[in-house]
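The values are calculated or read from the model by the stated rules, or taken from the named source; none is laboratory data. Since this is a predicted model, take the numbers as computed values, not measurements. Here the Cβ is made from the backbone with ideal geometry for all residues, glycine too, and neighbour counts use every protein chain on show. For the accessible areas, the whole protein counts, side chains as well, though only heavy atoms, and no ligand, DNA or RNA atoms are used. Shrake-Rupley method; radii C 1.70, N 1.55, O 1.52, S 1.80 Å.
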Amino acid sequence: MPDPTLLTGRVLRTLANPFDAPAEEALRIETGWGLVLDRGQIADIGPAAELRNNWPQVTEIAYGRDLICPGFVDAHVHYPQTAIIASWGKRLIDWLNSYTFPEEMRFDDPAYAREIARRYLDLTAANGTTTVSSFCTIHPASVDALMGEAQRRGQRIVAGKTCMDRNAPEGLRDTAQSAYDDSKALLEKWHGVDRLAYAITPRFSPTSTPDQMSALGALWAEYPDCLMQTHLSEQTDEIGWVKSLYPEARDYLDTYEAHGLLGANGLYGHAIHLEPRERDRLAEVGAALVHCPTSNTFIGSGLFDMAGLMADGHRIGLATDTGGGSSFSMLRTMAAAYEIGQLRGTPLHAAQLIWLATAGSAEALRMGDRIGTLDKGMEADLVVLDLASTAAIAQRAGRAESDWDDLFATIMMGDDRAIRATWIGGQVAD
């Protein structure tokens, strides 16, 4: 698109965390507003009439009553599981053995890795997602494939080589030394290049020996600005397995903490069945937890304590966790988060849901100064939502009593048909 470009419609403004302030004061939906995109950034935002006056040479794209939002930020995914999403009937450990590990074996073929990377980023862009944090496989080519494809698209992304040296098939095991060496080489190749970031990535404690965990902890100490992503307390039988493998550990979190893998730049996926000490330590160090609601229900893991953890001051992001999660859509993920909140007696407001999928996840990734809100100077990653995308949603929207009521119908019933446009780095995604 030509620079500068003016997008007009309804605009979502993020003023505060809606878990700390009244939801409809923390976020506002402004009618008749717009934003100016210039050289990949948001150059201006405000009432559309003022922007037209201030930018007389601008090219305008009018979205009418569509809602212009920050692009969705998916804080925990497995792009190599794209082809096995929605596979039937397993819990976590059986899921890995039956579906995940056989599929990940295929990523030793760089051509297959590139094919799935393209497919995955096509699918997520079609669902309004502009940033993801992805586990790859043990194969360096799987990282190169995703990073290279994201770089070609000008997309902000986080990814890392998954490290495993036990309790996995022979073709999916590395060693403590090769995990360190491969991860360091990939980090030095990709981290901070264009819009790319590297995350040190032990899959989870059961698939890494203490030696590998210590090697990755040492690598993180060398590169503390990097993120570290892993899994924590997803299922009760998983926790029992961890205790048998690390009998000296105080709890699951201690298997990371004892090896230098607990810190403010840590991303801990799931975190459902936390002990009191774990909750306290995670909050104390400022680590981020990532809620994966469609995965937690699909694999039968449990109900995340959003209200309690937010009240305790945790940083929390939202994620599809594809392919254990059953959808590439962050709209569906928001709907699942609402449903889990209902089951816990703490339903979430539409403003809280959309915040989790945008600013909340951006802050979890330590990128809240670049993405996640529509503020002047932020990167121009946007999603435009059609709030009447299907007959069912349109008839419900016709009865909406507020803009939030209107948005909530799309959160609960919307899918890729609700995505009017996805903008990545100031350009419309193909």
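When segment 1-36 is filtered for residues that are of a type in the set (A, V, I, L, M) and under 24 Å from the mean Cα position of the chain (by Cα), the ones remaining, listed by number, are V11, L12, L15, A16, A21, A23, A26, L27, I29. Selection of helices (runs of 4 or more DSSP H) fully inside segment 69-141 by the criterion of at least 2 residues being within 30 Å of W33 (Cβ to Cβ) returns 110-126. Just to be sure I understand, how many residues within segment 78-92 are over 9 Å from G324 (Cβ atoms) and either among the basic types (K, R) or at pLDDT below 85 (or both)? Qualifying residue count, segment 78-92: 3. Applying the criterion of at least 2 residues that are among the polar types (S, T, N, Q) and either touching a Cys at 6+ places or on another chain (Cβ under 9 Å) or open to solvent by 50 Å² or more (accessible area, probe 1.4 Å) (or both) to the helices (runs of 4 or more DSSP H) found wholly in segment 175-269 leaves 176-190, 210-222, 236-245. Under the condition of being assigned to a helix (DSSP H, G or I) and surrounded by fewer than 23 Cβ atoms within 10 Å (Cβ to Cβ), the residues counted in segment 412-427 number 4.
Within segment 116-154, the residues that satisfy the criterion of being within 21 Å of G360 (Cβ to Cβ) and touching a helix residue (DSSP H, G or I) at 6+ places or on another chain (Cβ under 7 Å) are N127, G128, T129, V132, S134. Whether any residue in segment 206-228 is among the charged types (D, E, K, R) and in contact (Cβ under 8 Å) with a residue 60 or more places away in the chain is what I want to check. Within segment 206-228 (the criterion being among the charged types (D, E, K, R) and in contact (Cβ under 8 Å) with a residue 60 or more places away in the chain), the answer is no, since none of the residues qualifies.
Taken over segment 128-153, the criterion of being closer than 28 Å to T410 by Cα and surrounded by fewer than 24 Cβ atoms within 10 Å (Cβ to Cβ) is satisfied by R153 alone. Looking across segment 344-391 at every residue that is outside any loop (DSSP other than H, G, I, E, B) and touching a Cys at 6+ places or on another chain (Cβ under 8 Å), the one that is surrounded by the most Cβ atoms within 10 Å (Cβ to Cβ) is identified as I354.
From G308, G313, G341, G302, which residue is modelled with pLDDT of 95 or more, farther than 23 Å from L96 by Cβ and assigned to a loop (DSSP other than H, G, I, E, B)?
Working: G308 fails: assigned to a loop (DSSP other than H, G, I, E, B); G341 fails: assigned to a loop (DSSP other than H, G, I, E, B); G302 fails: farther than 23 Å from L96 by Cβ.
When all the criteria are applied, what remains is G313.
For first residues located in segment 312-338 and closer than 23 Å to E278 by Cβ and free of Cβ contacts under 8 Å to residues at least 40 places away in the same chain, partners that are open to solvent by less than 10 Å² (accessible area, probe 1.4 Å) and in a loop (DSSP other than H, G, I, E, B) and lie 6+ apart or on another chain with Cβ distances below 9 Å form the pairs H314/A271; H314/A287.
If you go through segment 394-411 and keep only what is closer than 22 Å to T358 by Cα and either more than 20 Å from the chain's Cα centre (by Cα) or open to solvent by 10 Å² or more (accessible area, probe 1.4 Å) (or both), you end up with S402, D403, W404, D405, D406, L407, F408, A409.
In the set P47, P22, only one residue is within 22 Å of H291 (Cα to Cα) and surrounded by fewer than 17 Cβ atoms within 10 Å (Cβ to Cβ); that residue is P22.
Determine, yes or no, whether R28 is under 16 Å from A380 (Cβ atoms) and open to solvent by 10 Å² or more (accessible area, probe 1.4 Å). Full working, then the answer.
Numbers: under 16 Å from A380 (Cβ atoms): no; open to solvent by 10 Å² or more (accessible area, probe 1.4 Å): yes.
No: the conditions fail for R28.
For the condition at pLDDT below 95, within 21 Å of L289 (Cβ to Cβ) and not polar (S, T, N, Q), G325 qualifies. Of the residues making up segment 154-168, those that are free of Cβ contacts under 8 Å to residues at least 60 places away in the same chain, more than 19 Å from V242 (Cα to Cα) and assigned to a loop (DSSP other than H, G, I, E, B) number 1. For first residues located in segment 169-185 and within 21 Å of I93 (Cα to Cα), partners that are of a type in the set (K, R) and lie 6+ apart or on another chain with Cβ distances below 8 Å form the pairs R173/R166.
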